[in-house]
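Data first, discussion second: the structure below is written as structure tokens.
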Amino acid sequence: MNPLTNLHWPQNQRTRKRILDGLRTFLWVAVITILIWVYADVQFTDQRDFTAELVVRAPNSPTLVVLEPTEPISVKFTVRGNRYLIDAFATQLRQSAFLMQFDAGAKLKEPGKYAQSLAEVLGSLPEMQNTGLDVTWAANDKQGRNLDIVLDEAQSLRSVPVKLQVTGGEIDPAATRLEPDRLDLRVPASRLKGLDLTKLELGTQTVDLSQLPPGETFTRQLPIQQPAPVVSALKLPLVKATFKVVQKTTPRQFQDVPVRVVVPPKWEDDDTWGIYRLDSPGGETWTRTITVTGNQIDLEKLRKEDIQAYIVLSDADKAGSMGLGKVYVHLPPELKVQLTSDTIKEVQYTLVKRSEAKPTR
């Protein structure tokens, strides 16, 4: 053995001892650090309840359009995670006026009816992605913890004319301006069946001229309201209407106008009426009083049988809950007549399975 080797042993021994002492210290520091992290995570993890409006759209899909739901849905949900991240999310939600949008076309690729977990839908929104937050619970008043979405094939309609709807008087056509006066639409194909597209017009909210002085010009921002089967599935811009009142007219009332039912065309093929029956709670009579105004000569030409009053049913009515159907009215387009601003009472109805329906006497 080389005697010179022993000269280095004490120094190597001291080095090894320092290394071992350093490892022990590092391990203790690591353990304490992990405990601190765990404690901090427990202390700073929180959960909070929120309420917001959820809008379902398919804005980036060239082939799909949302048929249901068409209106914003009120949702309640619980978010869990770091309290500082929850605070940031709450601030973002306030800045968006508590409105959230789900792009159904990005997730659901084909037309059809889908039952989605509401918590999963909210968790997939851009506001929740990559935030480290979890939606642990979500529900809405109508469908509970699920969200029923109906997608339809989109059909494009180009340059559909807009018509100003008025009541209680007449306006000067030469002095009437609508901005925009035509709209390009992407509408559900199933809603167009039975409509004459060559005569399709988008009617504005009705303006009551009875309270406006003749001879003056007015400007209003008006929403599109007709035709119902198309408009109910779309979110259209407001129309700026400028018009001049020419004269006031005396409205005409039509009593006991029957209210018909408009259903999705597929119901005629899928035996819906063989499975379900339409009931009217309390035996309500499906007739309404319709008040019409417009050109006096055309008012005299108008007959009760020319007035088509109807409600629109959808697959959502198969849930069995009582519905309130808004009554839509179609008047002959060749006559210069419009509905008055009088509210038409909604129709109460229930779509129940025939095995559950009470027998009629």
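The values are calculated or read from the model by the stated rules, or taken from the named source; none is laboratory data. Because the structure is a prediction, the values reported are computed rather than measured. Note that each Cβ is placed from the backbone with ideal geometry, even for glycine, and that neighbours are counted across all protein chains shown.
Before moving on, here are some points about what is shown:
- Hits in segment 322-335 - residues which are without any contact (Cβ under 8 Å) to a residue 60 or more places away in the chain and part of a loop (DSSP other than H, G, I, E, B): M322, L331, P332, E334, L335
- Scanning segment 128-176 for residues that are over 20 Å from the mean Cα position of the chain (by Cα), at pLDDT below 85 and assigned to a loop (DSSP other than H, G, I, E, B) gives Q129, N130, T131, G132, G168.
- Considering only residues in segment 341-352 that are of a type outside the set (A, V, I, L, M), in contact with a strand residue (DSSP E or B) (Cβ under 6 Å, 6 or more places away or on another chain) and over 13 Å from M322 (Cα atoms), the one that is modelled with the highest pLDDT turns out to be D342.
- Search result, residues across segment 231-270 that are in a loop (DSSP other than H, G, I, E, B) and farther than 24 Å from V66 by Cα: T249, T250, P251
- Segment 67-108, residues that are free of Cβ contacts under 8 Å to residues at least 40 places away in the same chain, within 22 Å of I149 (Cβ to Cβ), surrounded by fewer than 14 Cβ atoms within 10 Å (Cβ to Cβ) and not polar (S, T, N, Q): E71
- Any hit, segment 308-325, residues being surrounded by fewer than 15 Cβ atoms within 10 Å (Cβ to Cβ) and acidic (D, E): no
- Some residue of segment 154-167 being under 30 Å from T206 (Cα atoms) and of a type in the set (K, R): yes
- Selected residue [closer than 30 Å to D342 by Cα, surrounded by 16 or more Cβ atoms within 10 Å (Cβ to Cβ) and in contact with a helix residue (DSSP H, G or I) (Cβ under 6 Å, 6 or more places away or on another chain)] from V166, V162, V135: V166
- Residue in segment 277-299 that is in a helix (DSSP H, G or I), crowded, with 17+ Cβ neighbours inside 10 Å and in contact (Cβ under 8 Å) with a residue 40 or more places away in the chain present: yes
- When G325, G283 are checked against the criterion of being over 17 Å from Q165 (Cα atoms), small (G, A, S) and in contact with a strand residue (DSSP E or B) (Cβ under 7 Å, 6 or more places away or on another chain), G325 stands alone in meeting it.
- The residue that is nearest to A52 (Cα to Cα), among those in segment 110-127 that are touching a residue at least 24 places away in the same chain (Cβ under 8 Å) and not in a strand (DSSP E or B), is L122.
- Within segment 321-336, the set of residues being among the charged types (D, E, K, R) and within 19 Å of V262 (Cβ to Cβ) comprises K326 only.
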